[in-house]
Amino acid sequence: MTQTKMKEQVAELVAARVANSKPLLIAGLRARYNHGTLDNVPAQWQRFAPHIGNIPGQVGQAAYGVVWRPSDGEGVEYLCGVEVTGFAGLRHQFTVVSIPAFRYAIFSHHEHASKIRDTVDAIFHTWLPESGHEAAATAETPDFFERYSEEFDPKTGMGGMEVWVPIQS
């Protein structure tokens, strides 16, 4: 990313909102990626997309991309899923994760979904160090999640995207 592009991203990130969230249960498909395989995340979404709206206990139509950075520093764990009310009736291929209530810095992403990594990089490499906040993720909780609202259009890859980063107050 060029310096100019990074500055444009940071300018958008300055307007992040901060909010408290309720606990979330997210059910979906989970996979581990390294830097060489990270471009396979869209294929994971393609495998998961037919299940959206057909998952027992699904809450709303928003989808989530939940991200953990393993302690070994190699790649990421990524779960694409939806919010659910519980574990009952879920298919065996689904993983369910519990995300406790947190205080979040929330960043809107207005570009194509394929560019969300640029927003995440700007958050963690520029905004967070300069913000006075500290990340609140622990070994058991995700580092951040992407939220794709009902306004997200999977055909165009545009609209309704946010990145939620847990922060310490």
Quiz item: Going by the conditions given, is P154 crowded, with 18+ Cβ neighbours inside 10 Å, out of contact with any Lys or Arg (no Cβ under 7 Å at 6 or more places or on another chain) and of a type outside the set (A, V, I, L, M, F, W, C)?
Solution: no
Quiz item: Which members of the range 101-159 meet the condition of being within 22 Å of A49 (Cα to Cα) and of a type in the set (D, E, K, R)?
Solution: E111, K115, R117, E146, R147, E150, E151, D153, K155
Practice problem: Could you identify the single residue in G65, G73 that is within 16 Å of A137 (Cα to Cα) and either in contact with a His (Cβ under 9 Å, 6 or more places away or on another chain) or modelled with pLDDT of 95 or more (or both)? | Solution: G65
Practice problem: List every residue pair whose Cβ atoms sit under 7 Å apart, with the two residues 6 or more apart in sequence or on different chains, where the first one lies in the range 132-143 and is closer than 13 Å to I167 by Cβ and of a type in the set (A, V, I, L, M) and the second, anywhere, is modelled with pLDDT under 80 and surrounded by 15 or more Cβ atoms within 10 Å (Cβ to Cβ). | Solution: none
Quiz item: Which numbered condition trips up G159, out of (1) of a type outside the set (F, W, Y); (2) on the phi < 0 side of the Ramachandran plot; (3) surrounded by fewer than 20 Cβ atoms within 10 Å (Cβ to Cβ); (4) touching a strand residue (DSSP E or B) at 6+ places or on another chain (Cβ under 7 Å)?
Solution: (2)
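Table: residues versus (1) among the aromatic types (F, W, Y); (2) assigned to a strand (DSSP E or B); (3) farther than 15 Å from G28 by Cβ.
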{"site": "A62", "(1), (2), (3)": "no, yes, no"}
{"site": "E74", "(1), (2), (3)": "no, no, yes"}
{"site": "S98", "(1), (2), (3)": "no, yes, no"}
{"site": "D118", "(1), (2), (3)": "no, no, yes"}
{"site": "A122", "(1), (2), (3)": "no, no, yes"}
{"site": "W127", "(1), (2), (3)": "yes, no, yes"}
{"site": "H133", "(1), (2), (3)": "no, no, yes"}
{"site": "K155", "(1), (2), (3)": "no, no, yes"}
{"site": "V163", "(1), (2), (3)": "no, yes, yes"}
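The values are calculated or read from the model by the stated rules, or taken from the named source; none is laboratory data. These numbers come from a predicted model, not from an experiment. When we count neighbours, we look across all protein chains shown, and the Cβ atoms used for this are built from the backbone with ideal geometry, even at glycine.
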